[in-house]
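First comes the structure, then the notes that go with it.
Values quoted throughout were computed directly from the atomic coordinates according to the rules given, and no laboratory measurement underlies them. Because the structure is predicted, anything quoted here is derived from the model rather than measured. Because the Cβ atoms are built from the backbone with ideal geometry, glycine has one as well, and the counts that use them run over all protein chains shown.
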Amino acid sequence: MSIPCPRCQQPITPGATHCQSCGSSLLLEAAPGGAEPTCAVHPTLRSLAICDRCGAFACARCLRAGPRGEVVCEACLTRDPDEPLPWDQREELGTLKAVWRTAVNVMLHPDFFAKARPEGSPSSSLLFALLCALPGWFTTGLTYMGMFSLMPSLAPESQTQSASDSMAMMKWAGVGMLAFCVLLGPVISLVSTVLMAGIDHLILRMGGVTRGYAVTLRAHSMSQAPWLLGVVPFIGMQVGPLWAMVARVFAYRGLHRTTWGVALAGALLAPLLTCCLCGGGYLAIILAAIGKVGH
Ligand SMILES: [Zn+2]
Ligand SMILES: [Zn+2]
Ligand SMILES: [Zn+2]
């Protein structure tokens, strides 16, 4: 939204005290007892626009441009500066640097979510999640390939025909595993991000969150930064998801500006329920097996 200069009607810059088109002062004294609205902070000055966040009348001295180009008053901007994530600035920083800086923030200073910009396009959020998942999938594929190609050579009689056959087979199985991880892994990551964020969003909505699914998707995607640890074989794939779950609590609380309780429920309820269901399934299978053995 642009604010017109009261004299020449050209758009003025929020925060400027003079019009850059006609040069006239924008600090206009309000006529005593006049009809025009006056600034909520400076009652002697005429209001030029209404703050997009709090709705207060603001004079030229109080007007500021918000982070998304909206017009806000100085008080609102100070209270909620609404910083862009490094990921939002990837055009200036370069994609790699933007991923790295965002990931460091998410992993080491997750409280930065509290003042971070909540909105982001779903495609940019998903791209971040994808980039965080790729190294882990690649390492997992490589690890399997290594294990498969090592296994047959550990067998003692590796000179026989059948041994070399199985060796070739294992090698191909390893290559197949790598291809699966690199080609299908990212698809699995994207689909599960969309679904999990959807379930979390329903829970957050029940907790009274008003912002849209795009905010939950952004929080979910950004909190996947610890998945980058997947480049460390075995350990990374264990630590990454747990760390991501902790980061997700901060992300939901921060981007939805909600309470710890609602954020905790949003981030942990669905994974816990899944665990219980899977655990219950395993338990049922084990019990059934024991029952069969007993008979
Ligand atoms: Zn002007
Ligand atoms: Zn305001
Ligand atoms: Zn003012």
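Things worth noting here:
- Under 14 Å from a label point set 7 Å out along the Cα-to-Cβ vector of His109, no amide N atom of region 228-267 is found.
- Between Ser25, Ser192, Ser221, the GNM of the chain built on Cα springs shorter than 10 angstrom shows Ser25 fluctuating the most.
- Gain upon complete extension [Ala35, Leu202; 0.36 nm per residue less C-alpha separation]: 55.4 nm
- Cα Rg, Dmax, region 76-130, angstrom units: 11.4, 35
- Cα shape, region 113-294, gyration tensor, a/c 1.5 rule: oblate
- Taking every alpha-carbon pair under 8 Å whose residues sit at least 6 apart, the chain reaches a relative contact order of 15 percent.
- Region 113-294 - charge dipole about Cα centre, Lys and Arg +1 at Cβ, Asp and Glu -1, debye rounded to 20: 800 debye
- Among Ser149, Pro271, Val209 - extreme Cα towards positive end, dipole of region 113-294, charges at beta-carbon: Val209
- Cβ crowding within 10 Å, taken as a proxy for footprinting-reagent exposure, orders Cys19, Cys59 from fewest neighbours to most as Cys19, Cys59.
- With a simple spin-label model that places each label point 7 Å from the Cα along the Cα-to-Cβ direction, the separation between Ser21 and Ala65 comes to 1.6 nm.
- Proximal lysines relative to Lys115, as straight alpha-carbon distance under 29 Å, when same-chain residues fewer than 8 apart are discounted: Lys97
- Using the Cβ-Cβ distance between Phe234 and Ser162 with R0 = 35 Å, the FRET efficiency computed as 1/(1 + (r/R0)^6) comes to roughly 0.65.
- Straightening the chain between Ala284 and Glu83 buys 67.4 nm, computed as 0.36 nm per residue apart minus the Cα-Cα spacing.
- Max mean-square fluctuation residue, GNM over the chain, Cα-Cα springs under 10 Å, options Val106, Val249, Val262: Val262
- Applying 1/(1 + (r/R0)^6) with R0 = 30 Å to the Cβ-Cβ distance of Val187 and Thr13 gives a FRET efficiency near 0.05.
- GNM flexibility winner over the chain from Leu130, Leu272, Leu283 (Cα, springs under 10 Å): Leu283
- The charge dipole of region 1-82, taken about its Cα centre with unit charges on the Cβ of Lys, Arg, Asp and Glu (plus for the first two, minus for the last two), comes to roughly 100 debye.
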